[in-house]
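Below: one structure, written as structure tokens.
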There are 2 protein chains.
Amino acid sequence: MAETSDDLITALRAELPGEAVVTDPDRLTSYQHDMATFCPYGTPAAVVLARSTEHVQHVLRVASRLGVPVVPQGSRTGLSGGANAIDGCVVLSLEKMAAIREIDAPNRIAVVEPGVLNSTLSAAVAEHGLFYPPDPSSWEISTLGGNVATNAGGLCCVKYGVTADFVRGLEVVLADGEVLRTGRRTAKGVAGYDLTRLFVGSEGTLGVVTEVTLALRPTGREPRTVAGLFPTVAQAGDAVARVVAAGLVPSLLEFMDQTSLRACNDHLNMGMPDNAAAMLIAQSDADPDRAVADIGAISAIFTEAGGFDVVEADDLAEGELLLAARRNSHYALEALGTGLTDDVCVPLTRLADYIHRVEKVAAEADLTIATVGHAGDGNLHPSVIFDESDADQVRRANWAFDEIMRIGLEMGGTVTGEHGIGVLKRDWLARELGPVGERVHRDLKRLFDPAGILNPGKVLSA
Amino acid sequence: MAETSDDLITALRAELPGEAVVTDPDRLTSYQHDMATFCPYGTPAAVVLARSTEHVQHVLRVASRLGVPVVPQGSRTGLSGGANAIDGCVVLSLEKMAAIREIDAPNRIAVVEPGVLNSTLSAAVAEHGLFYPPDPSSWEISTLGGNVATNAGGLCCVKYGVTADFVRGLEVVLADGEVLRTGRRTAKGVAGYDLTRLFVGSEGTLGVVTEVTLALRPTGREPRTVAGLFPTVAQAGDAVARVVAAGLVPSLLEFMDQTSLRACNDHLNMGMPDNAAAMLIAQSDADPDRAVADIGAISAIFTEAGGFDVVEADDLAEGELLLAARRNSHYALEALGTGLTDDVCVPLTRLADYIHRVEKVAAEADLTIATVGHAGDGNLHPSVIFDESDADQVRRANWAFDEIMRIGLEMGGTVTGEHGIGVLKRDWLARELGPVGERVHRDLKRLFDPAGILNPGKVLSA
């Protein structure tokens, strides 16, 4: 093993600058895993801090020759262990490939390296009156390459869609080190198979993305906000269904259950009444007149559906105050114990029903489950809270986590709306795909990665 | 050959109802080709009118066993020969699989068989206050399966996107007869590789689609329309760029050049002035106030850019009158001679430049080229007009057709914005993809169709 590792390091250094190949054990530990709970990870033999497509090509050629696994990494904010290191692997960090290569404002596209932060691009295009919508909760610290690898979602999806909807083209280094260009720069194009979409969301298992061409939109208006509390989850779910049925298109429509509300209330001293079973928050970034009308209509629906303390924000600052609870729910829940965050998407009409089933799972597991989510998309994040030092709680937490997915599938949903499969949900992916779907996935994996060096054990079990 | 064909017919009939297998030579001729010009086609050994997924499975199993090519077909409105028969093949017609299986209005989805006409679905969902945006020019007579196979576009794309943007999931019969389900019913989902997008636009070369789950939208408002004439193409191109730069999002933004305008003027007796070099037509289906404001803004931009006779329509009927020329351009051009219609998409800012280059090609080829297109997407349809009985004109027309694509690629565009590759543009696809891209395409084709029975010779040369 030591000898193999020496060969590997020597081969890597042969064509990479000295500082690009990290082998110092202390530094290696910080590249071991992303933010997922309970996902196994190992220790890399080396971390390569790639600065160019050529660096990535060299790493993949060496890894192919020596049969060493390569784990591509952004800023490790993922929630499924997709970027977790494997013992003896090369972690291929794209963080230093962080140049915005081009902003073509008249054609509304940007060309970026994978290590550019979502927030950096957002700030850069704002100067051109443009807007890059996908906004995962990690947007301030996550890389666009990571967003592409997981096909990240966010709060904006209900109106604007997910990362894939904004990716026009890619440069991808294949397992053998060859460079593939996919897609196009133009608004439309149907030349050949859609390889771009095949790589988006493939979590580094089919190739390594070294450049992304992204579509941009004109900046939206300052959003108008409404929040309302509900005596029951059923009433909140009914309100969501009514908003959709009315043909309203909010730019954000979020849900919080009682547990998450109370946790945020405590965490942020918000002084909210604690008798609410749920809260909904909606925004519209349409033209001012339309936003006022739409938020007014949503406000009326909240009230008709049984909501109370329905408040419209007069300005952006007040709107952000209403949203603060939702934006901070992750941190507020951390105070309650270890959280195992799920990511199920169900048909809109099953929303309330689904949340009730999750409540039953919590009762049966005798654990707290706090649910927040992107209600307008039916995409919920139930977090199972438990004490990591209590083996029985850990067992029950894992059971509950699985039940949450099982029920989601049963209701016609999917086991991941936006976080991806990683190592966390490999078995559940197989269940969702069925045998033919799994076979096709494995065939595709083998086609692009015959030696099995590209992030092996992620998405599909090795 | 005759014996093989007898074996084939016998094997097909073994598990299909008698009327499903057509072998009458007179009837076979009507299944030979789509609407493309100059695309070779052969005579099928049989046409199977499939009525179920099981029928499709049987055809593919038989074809796999006997090594017979299968050409899937909708209503043959394609423009690239993608549905053209091959001598001795089985044409697998999906026209009789024409049931709308489900309209789930609260969740805004429809589940359809591939033979449902685009117009049939549009009418059915309108009763639920819903709207299926993709509107290829053939929408009244083209099937949704065909739209999926070619990833069809249309006039709405500038605001709503193409067919792929509305496909949530598919049922696909693979070459070996197995049934694959891809995608999901939910608004979001990132479980595994995006197989749905891999099949959309693959023109029947990777599998046969037998069911489509489509996303729907709330019905838009009655559109407001403006049309304007321009003394030069450059001014029209400038107007398009200005509309985009202003952040306006029309629901339609179409271009016609002088040749197509004059042809329509003659064809429809429209009495338009014939001194215009170009016409632009824009619509907005936003809220009435917003539509009035946006169409007013676009109207002002048309005038500032040098447009004349800029007219806003007061109502839908008047708007349709303004659009009539564009909608009928295909028929008007038919009166001039045989047309070879191209489908290039260029970056928006190159629009005027591109049209000028096409004009130069026309002069050099000494042929008429009429250009219309979806200006808001940079997607243009130059039609080379020629006399099919004149060998030299045919030669020059083919040269011009190729030049139109070559220049598009040179400007950073694509050789097909929405019509697909079929047999017409296989060589150009290879040029656009480059060697690595072509290799990956061929690897994928071989993976899904190892015996080469699925629409062989389409997209990729056999």
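The values are calculated or read from the model by the stated rules, or taken from the named source; none is laboratory data. Being a predicted model, the structure only gives us computed values, none of them experimental. Don't worry about glycine lacking a Cβ; one is built from the backbone with ideal geometry, like all the others, and counts go over all protein chains shown. These area figures cover heavy atoms from the full protein model, side chains too; ligands, DNA and RNA do not enter into them. Shrake-Rupley method; radii C 1.70, N 1.55, O 1.52, S 1.80 Å.
Take the residues in the range B:401-422 that are in contact (Cβ under 8 Å) with a residue 12 or more places away in the chain and surrounded by fewer than 24 Cβ atoms within 10 Å (Cβ to Cβ), then tell me which one is nearest to the other protein chains (Cβ to nearest Cβ).
Top of the filtered list is B:Gly412.
Report yes if some residue within the range A:335-349 is within 14 Å of another protein chain (Cβ to nearest Cβ), open to solvent by 30 Å² or more (accessible area, probe 1.4 Å) and within 29 Å of A:Tyr41 (Cβ to Cβ); otherwise report no.
No, the range A:335-349 contains no residue that is within 14 Å of another protein chain (Cβ to nearest Cβ), open to solvent by 30 Å² or more (accessible area, probe 1.4 Å) and within 29 Å of A:Tyr41 (Cβ to Cβ).
Could you tell me whether A:Leu248 is closer than 29 Å to B:Ala293 by Cβ, part of a loop (DSSP other than H, G, I, E, B), open to solvent by less than 40 Å² (accessible area, probe 1.4 Å) and within 14 Å of chain B (Cβ to nearest Cβ)?
When the stated conditions are applied, A:Leu248 passes them.
What pairs come out if I take residues in the range B:82-102 that are modelled with pLDDT under 95 and pair them with residues that are buried (at least 24 other Cβ atoms within 10 Å of the Cβ) whose C-beta lies under 6 Å away, six or more apart or interchain?
Within 6 Å, no pair qualifies.
Tell me, yes or no, whether the range B:350-362 has at least one residue that is touching a Phe, Trp or Tyr at 6+ places or on another chain (Cβ under 7 Å), at pLDDT 95 or above and open to solvent by less than 60 Å² (accessible area, probe 1.4 Å).
So far as the range B:350-362 goes, no, none of its residues is touching a Phe, Trp or Tyr at 6+ places or on another chain (Cβ under 7 Å), at pLDDT 95 or above and open to solvent by less than 60 Å² (accessible area, probe 1.4 Å).
All but one of (1) within 8 Å of chain B (Cβ to nearest Cβ); (2) surrounded by 24 or more Cβ atoms within 10 Å (Cβ to Cβ); (3) touching a helix residue (DSSP H, G or I) at 6+ places or on another chain (Cβ under 8 Å) hold for A:Val208; state the number of the condition that does not hold.
(1) is the only condition that A:Val208 fails.
A quick yes/no check of all residues on (1) within 20 Å of B:Lys188 (Cα to Cα); (2) out of contact with any Leu (no Cβ under 6 Å at 6 or more places or on another chain); (3) away from chain B (no Cβ under 11 Å); (4) open to solvent by 10 Å² or more (accessible area, probe 1.4 Å):
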position: A:Phe199; (1), (2), (3), (4): yes, no, no, no
position: A:Thr219; (1), (2), (3), (4): no, yes, no, yes
position: A:Glu222; (1), (2), (3), (4): no, no, yes, yes
position: A:Val226; (1), (2), (3), (4): no, yes, yes, no
position: A:Phe230; (1), (2), (3), (4): no, yes, yes, no
position: A:Val244; (1), (2), (3), (4): yes, no, no, yes
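Please give the number of the condition B:Gly177 fails out of (1) farther than 24 Å from A:Val344 by Cβ; (2) open to solvent by 10 Å² or more (accessible area, probe 1.4 Å).
Failing condition for B:Gly177: (2).
For A:Leu92, are the conditions met, namely being outside any loop (DSSP other than H, G, I, E, B), in contact with a strand residue (DSSP E or B) (Cβ under 8 Å, 6 or more places away or on another chain) and within 27 Å of A:Leu252 (Cα to Cα)?
No: the conditions fail for A:Leu92.
Let me spell it out: the conditions are (1) closer than 30 Å to B:Met411 by Cβ; (2) more than 7 Å from chain B (Cβ to nearest Cβ), and A:Gly189 meets all of them except one. Which number is the exception?
Single failed check for A:Gly189: (2).
Checking the conditions here, which among A:Val158, A:Val148, A:Val116, A:Val167 is β-branched (Val, Ile, Thr), modelled with pLDDT under 95 and within 19 Å of the chain's Cα centre (by Cα)?
A:Val158
This table checks each residue for (1) among the basic types (Lys, Arg); (2) more than 19 Å from B:Pro134 (Cα to Cα); (3) within 14 Å of chain A (Cβ to nearest Cβ).
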site: B:Leu66; (1), (2), (3): no, yes, no
site: B:Pro69; (1), (2), (3): no, yes, no
site: B:Gly78; (1), (2), (3): no, no, yes
site: B:Leu92; (1), (2), (3): no, yes, no
site: B:Ile103; (1), (2), (3): no, no, yes
site: B:Pro106; (1), (2), (3): no, yes, yes
site: B:Ile109; (1), (2), (3): no, no, yes
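Scan the range B:201-234 for residues that are assigned to a loop (DSSP other than H, G, I, E, B) and not charged (D, E, K, R) and jot them down.
B:Gly201, B:Ser202, B:Gly204, B:Thr205, B:Leu206, B:Gly207, B:Leu216, B:Thr219, B:Gly220, B:Pro223, B:Pro231, B:Thr232, listed by residue number.
Say whether the condition of being open to solvent by 40 Å² or more (accessible area, probe 1.4 Å), in contact with a helix residue (DSSP H, G or I) (Cβ under 8 Å, 6 or more places away or on another chain) and farther than 30 Å from A:Ala105 by Cβ is met by at least one residue in the range B:290-312.
yes
Might you check whether a residue that is closer than 30 Å to A:Arg181 by Cα and of a type in the set (Lys, Arg) occurs anywhere in the range A:238-245?
No, because not a single residue in the range A:238-245 is closer than 30 Å to A:Arg181 by Cα and of a type in the set (Lys, Arg).
Provide a single number: the residues in the range A:116-129 that are open to solvent by 10 Å² or more (accessible area, probe 1.4 Å), within 16 Å of A:Arg217 (Cβ to Cβ) and of a type in the set (A, V, I, L, M, F, W, C).
3
Kindly evaluate B:Asp427 against the criterion of being facing another protein chain (nearest Cβ under 7 Å), farther than 21 Å from B:Ala363 by Cα and open to solvent by 20 Å² or more (accessible area, probe 1.4 Å).
no
Of the numbered conditions (1) more than 21 Å from A:Val190 (Cβ to Cβ); (2) open to solvent by 20 Å² or more (accessible area, probe 1.4 Å); (3) at the interface with chain A (Cβ under 10 Å from one of its Cβ atoms), B:Ala98 fails exactly one; give the number of that condition.
(3)
Can you list the helices (runs of 4 or more DSSP H) found entirely within the range A:252-339 that contain at least 1 residues being under 17 Å from A:Thr368 (Cβ atoms) and modelled with pLDDT of 85 or more?
A:258-268, A:329-334
If a residue must be out of contact with any strand residue (DSSP E or B) (no Cβ under 7 Å at 6 or more places or on another chain), assigned to a loop (DSSP other than H, G, I, E, B) and more than 9 Å from chain A (Cβ to nearest Cβ), how many such residues does the range B:155-184 contain?
So the count comes out to 2.
Mind listing just one residue for me: the one in the range A:1-58 that is polar (S, T, N, Q) and closer than 30 Å to A:Phe386 by Cα and, of those, surrounded by the fewest Cβ atoms within 10 Å (Cβ to Cβ)?
Among residues in the range A:1-58 that are polar (S, T, N, Q) and closer than 30 Å to A:Phe386 by Cα, the one surrounded by the fewest Cβ atoms within 10 Å (Cβ to Cβ) is A:Ser30.
Go over the candidates A:Val71, A:Val62 one by one and state the one that is buried (at least 21 other Cβ atoms within 10 Å of the Cβ), at pLDDT 95 or above, among the β-branched types (Val, Ile, Thr) and not in a strand (DSSP E or B).
Being buried (at least 21 other Cβ atoms within 10 Å of the Cβ), at pLDDT 95 or above, among the β-branched types (Val, Ile, Thr) and not in a strand (DSSP E or B) holds for just one of A:Val71, A:Val62, which is A:Val62.
Looking at the range A:359-373, is at least one residue in contact with a strand residue (DSSP E or B) (Cβ under 7 Å, 6 or more places away or on another chain), within 14 Å of chain B (Cβ to nearest Cβ) and touching a residue at least 12 places away in the same chain (Cβ under 8 Å)?
Checked the range A:359-373: at least one residue is in contact with a strand residue (DSSP E or B) (Cβ under 7 Å, 6 or more places away or on another chain), within 14 Å of chain B (Cβ to nearest Cβ) and touching a residue at least 12 places away in the same chain (Cβ under 8 Å).
For the range A:130-143, indicate whether the set of residues that are open to solvent by 20 Å² or more (accessible area, probe 1.4 Å), within 11 Å of another protein chain (Cβ to nearest Cβ) and farther than 23 Å from A:Lys458 by Cβ is non-empty.
Scanning the range A:130-143, I find at least one residue that is open to solvent by 20 Å² or more (accessible area, probe 1.4 Å), within 11 Å of another protein chain (Cβ to nearest Cβ) and farther than 23 Å from A:Lys458 by Cβ, so the answer is yes.
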